[in-house]
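Written out below as structure tokens is the structure these notes cover.
The values are calculated or read from the model by the stated rules, or taken from the named source; none is laboratory data. It should be emphasised that the depicted structure is a prediction, and the values quoted were computed from it without experimental measurement. No Cβ is skipped: glycine too gets one built from the backbone with ideal geometry, and neighbour counts run over all protein chains shown. SASA here: full protein model, heavy atoms, side chains in, ligands and nucleic acids out. Shrake-Rupley method; radii C 1.70, N 1.55, O 1.52, S 1.80 Å.
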Amino acid sequence: MTQKIPDDDLSLFLEAGKQQELPDALRTRILADAEMCLAKQTASGWRLVLRDWARGWAMPSVAGGVGATLAGLYLGLVMPLSMYDAPIWMDSALGVFETVTAPIVGVQDPLELGF
Amino acid sequence: MLSEQDEADLLARFAQGDLHAAQALTDLLAPRLLRFATRMLGDRSEAEDVTQDTMLRLWRMAPDWEAGQAKPSTWAFRVARNLCTDRLRRRKPMVPEMPDLPDDAAGADARMMQTARAQALDAALAQLPDRQREAVILRHIEGLSNPEIAAILMVGVEAVESLTARGKRKLTALLSGRKEELGYDAEDT
């Protein structure tokens, strides 16, 4: 079999060197990687949104809300109510509540305030 | 061959979740990377690993790709080259494997001839110094421009011109004795 050579003797050899196809198995592996990367990007995207949301204002808001609620309950309910006047069923609950809340609100001993 | 903008658009579409863009990029880049890596490493299975690894890095980098950077194909060739260099450093050079040829060639004779020519080319390429081989493959087989090759090899454009010219001369000399044997009739030139 003979074939006419173009001006550049090398070009037919080079042309022969370009004949290599991508095996299906490799193509499948590469596309599986692409799919996995997309899935990871989507997942990490949601994580980033949640993290930014939490860092931005949600966490301080929740913390502030919890703090305000505890302080409100303490100042409005626990402090005015003498332990002796509280119903029996509330007694131990108030004791626990006071133990937890008093240091947070900044009062070590309610008796210091004259109650 | 796609322009820089087209390639970057495909990459951007992939980053936004378009799997068709990944398929298009794979069909565009992976066969070229595989050819390049096969000729650099002389080992088909290692070349497939390098191709897959390079494409994986491209997928991971896609969300951070900025317009105006190098062409994605140039970036991919540079990564593939570095991966090949790492692997070559870890082992002794091997006799190059011949790449597979498409099965739908005209006939068995044509296929065998094409195979023999590709084999001759690979054997000749293996005799070139590394830099010349890289430059010749990228310029004359993969069709990259000199500035693109310069970016991949991290040398100046003049150096690329010199490397390709010297490599091509040497390759021509190596293959000239095999023209008739491989079906190229010198009398017809």
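Taking the condition of being in a helix (DSSP H, G or I), surrounded by fewer than 20 Cβ atoms within 10 Å (Cβ to Cβ) and not charged (D, E, K, R), how many residues in segment B:127-149 meet it?
2
Results for (1) within 14 Å of chain A (Cβ to nearest Cβ); (2) in contact with a Leu (Cβ under 9 Å, 6 or more places away or on another chain), shown as yes or no for each residue.
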| position | (1), (2) |
| --- | --- |
| B:Val50 | yes, yes |
| B:Glu66 | no, no |
| B:Ala70 | no, no |
| B:Arg78 | no, yes |
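Can you find even one residue in segment B:121-134 that is over 26 Å from A:Asp24 (Cα atoms), at pLDDT below 80 and within 10 Å of chain A (Cβ to nearest Cβ)?
No, because not a single residue in segment B:121-134 is over 26 Å from A:Asp24 (Cα atoms), at pLDDT below 80 and within 10 Å of chain A (Cβ to nearest Cβ).
Which is more than 14 Å from every other protein chain (Cβ to nearest Cβ), closer than 28 Å to B:Arg13 by Cα and at pLDDT 75 or above, of A:Leu50, A:Leu70, A:Leu38?
Within the list A:Leu50, A:Leu70, A:Leu38, the selection yields A:Leu50.
Which of the residues spanning segment A:16-35 are facing chain B (nearest Cβ under 7 Å) and in a helix (DSSP H, G or I)?
Across segment A:16-35, the qualifying residues are A:Ala16, A:Gly17, A:Leu26, A:Arg27, A:Arg29, A:Ile30, A:Leu31, A:Asp33, A:Ala34, A:Glu35.
With the checklist (1) touching a residue at least 40 places away in the same chain (Cβ under 8 Å); (2) within 11 Å of another protein chain (Cβ to nearest Cβ); (3) closer than 23 Å to B:Ser73 by Cβ; (4) of a type in the set (Lys, Arg) in hand, flag the one item B:Arg139 doesn't pass.
(1)
For (1) within 16 Å of B:Phe77 (Cβ to Cβ); (2) modelled with pLDDT under 75; (3) assigned by TED's automatic domain parsing to the domain that holds B:Arg32, each residue gets a yes or a no:
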position	(1), (2), (3)
B:Lys92	no, yes, yes
B:Met112	no, yes, no
B:Gly143	yes, no, no
B:Glu148	yes, no, no
B:Ser162	no, no, no
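Given the conditions (1) farther than 30 Å from B:Gln23 by Cβ; (2) open to solvent by 40 Å² or more (accessible area, probe 1.4 Å); (3) at pLDDT below 75, and given that A:Leu10 satisfies all but one, which numbered condition is not satisfied?
Here A:Leu10 meets the rest and fails (2).
Name the residue that is farthest from the chain's Cα centre (by Cα), counting only residues in segment B:1-54 that are of a type in the set (Gly, Ala, Ser) and crowded, with 21+ Cβ neighbours inside 10 Å.
It comes out as B:Ala22.
Out of curiosity, is B:Gly17 modelled with pLDDT under 90 and in the same structural domain as B:Leu128 (by TED's automatic domain parsing)?
No: the conditions fail for B:Gly17.
List every residue pair whose Cβ atoms lie under 8 Å apart, where the two residues are 6 or more positions apart in sequence or sit on different chains, the first residue falls within segment A:54-72 and is open to solvent by less than 50 Å² (accessible area, probe 1.4 Å), and the second residue, located anywhere, is not aliphatic (A, V, I, L, M).
Note: pairs meeting the criteria are A:Leu70/A:Thr101; A:Ala71/A:Thr101.
Are any residues in segment B:48-74 in a helix (DSSP H, G or I) and free of Cβ contacts under 8 Å to residues at least 24 places away in the same chain, and if so, which ones?
B:Glu48, B:Asp49, B:Gln52, B:Leu56, B:Arg57, B:Arg60, B:Met61, B:Asp64
Within segment B:124-136, count every residue that is over 14 Å from B:Val160 (Cα atoms) and free of Cβ contacts under 8 Å to residues at least 40 places away in the same chain.
The total comes to 0.
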